[in-house]
Each structure stands twice: as C-alpha cells, then as structure tokens.
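To start, the structure under review is shown below, and the notes come after it.
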Amino acid sequence: MARGRHIPGPAKQQMGNNQKSGMLYTFFAYFLWGLFPIYWKMIEQVPAIEILAHRIFWSFIFMIILLAFLRKMGDLKTSIKEGVRHPRTPLLLLLASVLVSGNWFIYIWAVNNGHVIETSMGYYINPLVSILLGMIFLKEKLNRWQCLAFLLAACGVAIQTFSYEHIPWIAIGLALTFGFYGLVKKKVDIDAFIGLTFETFFVMPVALLYLLVIQVKGTASFATVSPALTILLIGTGVVTAIPLICFAQGARSISLTMIGFFQYLTPTMTLIMGIAFFKEPFTHVQLLSFAFIWLALIVFSVSGFLPKKKFHVEEVA
C-alpha cells in the first residue's frame, strides 16, 4: 500500500516545537504592540515629534548593539556594499523608513491626544487595506467574499465620516502608512534585523539633528524634566525593536493564516484600553461603525477557508 512521505518522530516533534515557539513569539509581539498606549501615555507630556525623534534615534542605537551582540555586523557591512552596487534596495528601505516614521508619529500623537479608540479602528482596517494594495500593485486576485469584506469596512468608515462630518484621518492614516510600508517591505529581500537597522538609520540623522536643536534651545524634555522620563525616552528604542524582533522570529515558523489571526489582538487590546482605562467615549455611532468593520474581518477570515476557484472575481459573469 502506497503511503505518504514518512516524517521521522524526532523531526515531527521538532516541527511541532518550532510552531509552538513561533506562536508564542508572534503572540508576544502583538501583545506588546497592544500595550503601546500605556507606554506613550507615560510620556504624554513630551511633544509627539520629540517622542518620535527619540524613538528613531534609540531604535537605531539598540539595533547596532543587538547586531554586535548577535555577531551580525559582518552581514551589515555586506549589505552596505551590496546596496552601493544595487541602489534599488536602499531606496526602497528609505521609502519604508519614511512610511513607518509617519505611522509612528500618527500613532503617538493620537494616543497622547485622546484618540486611542480611533487608532484601534486603523489597525482593524489595516489588513483590508493591505488586500486592496495587493490587488492594485501586485495584481493579486480577490474573490467575491473578500470584495464584500472590503465594502463592509468602507461602510464602517463612511458611517464615522458622515456622522461626525469629518474623515477619521487617524484611522485611515495609520492603515495607509502601514499598508504601504508592508507593500514596500514585500519587495525587499533582506534580513529583518538588517532591514530595521537600515530603516532607522535613514531617518536617524534628521531625528538626531532635531534633538540637538531643541537641546541647545533648552526646550527638550531629555535630561531636563526627571531621570524617570529620560529613561523612558531612551526605552522607546527598546520597546520599538523587541516586538519587531519577536514578530520576525515567529513569522518564520507559522502560517500566514495564523499570523492573520494574531494580528487582531493588538487593536482589540487598544479598543478595550481606550474605553476601560482611558475613559474615551464610545458612542452608538462608533459601535455601529466598528460592527461593520468586525463583520468585514469575519467575512475576510472565513473567505480564506472557502474554495477559491469557485469564487474568483474574474470568473463571475
């Protein structure tokens, strides 16, 4: 009797262990991202642009120390030489650094100005924006269920827009900047640690110049307000890098479907914090808007388990 390829017991156990560790790393990454509002609230007296500058600068410093510890400095030098010969990758990483810096600024500003719930909406929408960008720029095909999911999410955003007579620009800005960031990163084949180092390096000179200027002018918070605040500002680099590293480790061992499941942990935690801890108002209109977005995510998630061939858009007459 013909049988499928036999996987030895130790190898199967190793695969299971890798998947378990991958799940833990990925869960921990999204869990840490979900706690970010607490950290930014602890330094809310610092202007958002100054927090962003510290986050960029100290992330770069932390990544250099980490690369040295992991003995990856040789890989960094090789990547620099390769980038000089083939500038396409450095240019894409420069674009990625601008996009992620914009995303960080919007998020920090929003949290410290009482818009935690809207940031949650942004990261709920983000997977659907990524799907749309993939369709436009990577010619990926959507099935009818995925199209329905996108329309439901659009209805959720429209309800907010028409009800409050303003566009929820924080949510849309977060979703677009991170969506385009993911699109750019998809076109770059580089080690995650090296890539993050390059991304912070490209914007680090601007951040450092800004920090030096405000320090000279005497308007900086660093080393002038309190030792605790100074430590927290330095820590922005660590709290930025650690979840990214955990995500890079976890993504190697688990499926994209499983990653997609975990990614809703962050906005859910953020939404609960906004309502329960930061006492932001959550109106009936917002509930209706989120209901459309949650329904969109359910439809989108279920669509991954449906037969794709039967529902392709190009086959619908």
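The values are calculated or read from the model by the stated rules, or taken from the named source; none is laboratory data. All values derive from a computational prediction rather than experimental measurement. A quick note on method: Cβ atoms are made from the backbone with ideal geometry, for glycine too, and the neighbour counts reach across all protein chains shown. Side chains are part of the model used for accessible areas, which takes the heavy atoms of the whole protein and leaves out ligands, DNA and RNA. Shrake-Rupley method; radii C 1.70, N 1.55, O 1.52, S 1.80 Å.
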request  = Only helices at least 18 Å long along their axis, Cα-based, and averaging 0.0 or more on Kyte-Doolittle count here, so list those DSSP H runs from the chain.
outcome  = 48-69, 88-112, 116-137, 144-164, 169-186, 192-217, 227-251, 284-303
ask   = For the chain, modelled as a Gaussian network with Cα springs under 10 Å, which listed residue fluctuates most, 158, 228, 29?
value = 228
query = For the peptides 107-115, 181-189, what is the packing order when you average, over each peptide's residues, the other Cβ atoms within 10 Å and list the highest mean first?
reply = 107-115, 181-189
inquiry  = Taking the Cα centre as origin and putting +1 on Lys and Arg beta-carbons and -1 on Asp and Glu beta-carbons, what dipole magnitude results for the chain, to the nearest 20 debye?
reply    = 1220
Area of residue 300 that stays accessible when all protein chains are in place (1.4 Å probe, Å², to 10) = 40
Anisotropy class of segment 58-122 from Cα gyration tensor, a/c 1.5 cut = oblate
20 Å-binned pair-distance histogram of the chain (Cα, whole percent) = 28, 57, 15, 1, 0
query = Let a ≥ b ≥ c be the square roots of the eigenvalues of the Cα gyration tensor of segment 38-178; is it rounded (a/c under 1.5), or, if not, prolate (a/b larger than b/c) or oblate?
reply = oblate
ask   = Of 186/279; 72/187; 41/187; 81/187; 72/185, which ones are farther than 27 Å apart at the Cα?
value = 186/279; 41/187
remark   = Rounded to the nearest 10 Å², the 1.4 Å probe accessible area of residue 132 is 50
remark   = Ignoring ligands and nucleic acids, residue 73 exposes an accessible area, probe 1.4 Å, in Å² to the nearest 10, of 60
request  = Mind giving me the nanometre distance, one decimal, between the label points for residue 155 and residue 294, set 7 Å out from Cα along Cα→Cβ?
outcome  = 1.5
ask   = Where the centroid of each part is defined by its Cα atoms, how far is segment 82-107 from segment 187-206 in Å?
value = 7
request  = With springs only between Cα atoms under 10 Å apart, run a GNM on the chain and tell me which of 230, 283, 266 wobbles the most.
outcome  = 283
remark   = Full extension between residue 234 and residue 213 adds, at 0.36 nm per residue less the Cα distance, a length in nm of 5.8 nm
